[in-house]
Amino acid sequence: MTRELNKRTRAVHAGTRRSQYGEVSEAIFLTQGFVYDSAEQAEERFVEAGPDEFIYARYGNPTVAMFEERIASLEGAEDAFATASGMAAVSGALMSMLKAGDHVVSARALFGSCLYVLEEVLTRYGVEVTFVDGTDNAAWEAAIRDDTRVVFFESISNPTLQVVDIAAVSALAHARGATVVVDNVFATPVWSDSIAQGADVVIYSATKHIDGQGRALGGVIMGSREYIRKTVEPYMKHTGGSMSPFTAWVMLKGLETLDLRVRAQTASATAIANALEGHEKLARVIFPGLASHPQNALVERQMGRGGTVLSIDLTGGKDAAFRFLNAIEIGVISNNLGDAKTIMTHPATTTHQRLPDDQKAALGITPGLVRISVGIEDTQDLVEDILAALAQA
Ligand SMILES: *Cc1c(COP(=O)(O)O)cnc(C)c1O
């Protein structure tokens, strides 16, 4: 193909490898191992395997390779390594490049398991971690040192949807020679332009929008070919966090419809945020796409849209939040996000329950906060369901 194809076309076709049968839908190569034509061929492949030569599914597999090539193409990354979950991607991206004595600077507002990896695991192996307010560029500048090896953040934080300025933080990190690792779940590959803005490594939990239909856990690490093949691959293939071929097939089919789903979800999230802003029972409507979001100008520059998740803060606190959740008829009460089904979460009592109260307060996780991951249902149905539930809160 000589023309530069748009993301939506690449999401359907990039990375396709057809077998001798010429199947239309990607094949699942549900095999752990591969047969060699001769002892000599086996020997050669162990010396160096080409892009279409496989050894063992923990090292690579044709279905997994299709997924890796397709998602790398969407993100504009040189290469990708697919992992068993989003957390295998986060821990693998970091553990594969850090050693005792290294320094890491991370945003404080993190997904609970990410916080565990940075605060409990890395420090146990002698890595020093400094946490900063991710929205404060001056705090990043003050924390990044000459010996800082990695800068880590979620481009949009969960559940209060604070946005980190990828271009500004990357410039600060690169000035000190640090590698920028972005957990990009909330931006989605559809709205992300993270690598062009300066990120060196981009991570997704594929469990979220990429599957998008609540079926499988998965993740992916993307970056330069050198980093993926020389740093990530040896670590992942020997420590065991590789993606299974069946999961890769689910995720490939997810990528085919990702653009359609995320655009529809984003449009509905925007409509819901607009319908709810100023509602008498809400102290706050947090949505990066609203002009009232404190970083709306940054959001416009960084992603162009507000994404698929909003959070609302009920003035009546936990009781009102629970009444609201129990009155919702279309959305489901659960804790995933990016799904085709609208999912409602009460972070203070579920995903962020373990955080001490002062940390919850510092992150804006109030008793009345409800996170809404908007699905692909009819927009008007969702708006009416939410307004009716609020009336009962
Ligand atoms: C869900 C999530 C993860 C972890 O992904 P899993 O697939 O559940 O392991 C990491 N980071 C962010 C921002 C997430 O939302």
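The values are calculated or read from the model by the stated rules, or taken from the named source; none is laboratory data. Since this is a predicted model, take the numbers as computed values, not measurements. Cβ placement follows ideal geometry from the backbone for every residue including glycine, while neighbour counts extend to all protein chains displayed. When the accessible area is computed, the model is the full protein with side chains, heavy atoms only, and any ligands, DNA or RNA have been set aside. Shrake-Rupley method; radii C 1.70, N 1.55, O 1.52, S 1.80 Å.
Before moving on, here are some points about what is shown:
- Among the residues of region 336-368, those that are in a helix (DSSP H, G or I) and either away from the ligand (no atom under 15 Å from the Cβ) or without any contact (Cβ under 8 Å) to a residue 60 or more places away in the chain (or both) comprise A348, T349, D357, D358, Q359, K360, A361, A362.
- Identity of the residue in region 191-204, on the phi < 0 side of the Ramachandran plot and open to solvent by less than 20 Å² (accessible area, probe 1.4 Å), that ends up modelled with the lowest pLDDT: S192
- Of all the residues in region 302-335, those that are touching a Gly at 6+ places or on another chain (Cβ under 8 Å) and without any contact (Cβ under 8 Å) to a residue 24 or more places away in the chain number 0.
- Region 94-108 - residue that is within 14 Å of the ligand (Cβ to nearest atom) and among the hydrophobic types (A, V, I, L, M, F, W, C) and, of those, nearest to S170 (Cα to Cα): A107
- Checked against (1) within 16 Å of the ligand (Cβ to nearest atom); (2) within 20 Å of the chain's Cα centre (by Cα); (3) not basic (K, R), D133 passes all but condition (1).
- Residues of region 218-249 classified as under 25 Å from R18 (Cα atoms) and open to solvent by 10 Å² or more (accessible area, probe 1.4 Å), total: 10
- One residue stands out in region 109-128 among those that are surrounded by fewer than 19 Cβ atoms within 10 Å (Cβ to Cβ) and in contact (Cβ under 8 Å) with a residue 24 or more places away in the chain: the one that is nearest to the ligand (Cβ to nearest atom), namely S113.
So that you can scan it fast, the table gives a plain yes or no per residue for (1) open to solvent by less than 30 Å² (accessible area, probe 1.4 Å); (2) more than 16 Å from the ligand (Cβ to nearest atom); (3) touching a helix residue (DSSP H, G or I) at 6+ places or on another chain (Cβ under 6 Å):
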site: K7; (1), (2), (3): no, yes, yes
site: T31; (1), (2), (3): no, yes, no
site: E44; (1), (2), (3): no, yes, no
site: A82; (1), (2), (3): yes, no, yes
site: A89; (1), (2), (3): yes, no, no
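- The number of residues in region 362-377 being of a type in the set (G, A, S) and in contact with a helix residue (DSSP H, G or I) (Cβ under 6 Å, 6 or more places away or on another chain) comes to 1.
- Considering region 86-205, the qualifying strands (runs of 3 or more DSSP E), each wholly inside and each with 2 or more residues that are within 26 Å of Y235 (Cα to Cα) and of a type in the set (A, V, I, L, M), run over 103-107, 148-154, 179-183, 201-205.
- Qualifying residues in region 316-345 (those that are over 20 Å from A283 (Cα atoms) and acidic (D, E)) - the one most open to solvent (accessible area, probe 1.4 Å): E329
- Filter result for D313 (within 17 Å of V185 (Cα to Cα) and crowded, with 18+ Cβ neighbours inside 10 Å): no
- Scanning region 163-213 for residues that are among the small types (G, A, S), more than 12 Å from the ligand (Cβ to nearest atom) and within 15 Å of the chain's Cα centre (by Cα) turns up S192, S194, A199, G212.
- With respect to (1) at negative phi; (2) more than 24 Å from the chain's Cα centre (by Cα), the lone exception for T63 is condition (2).
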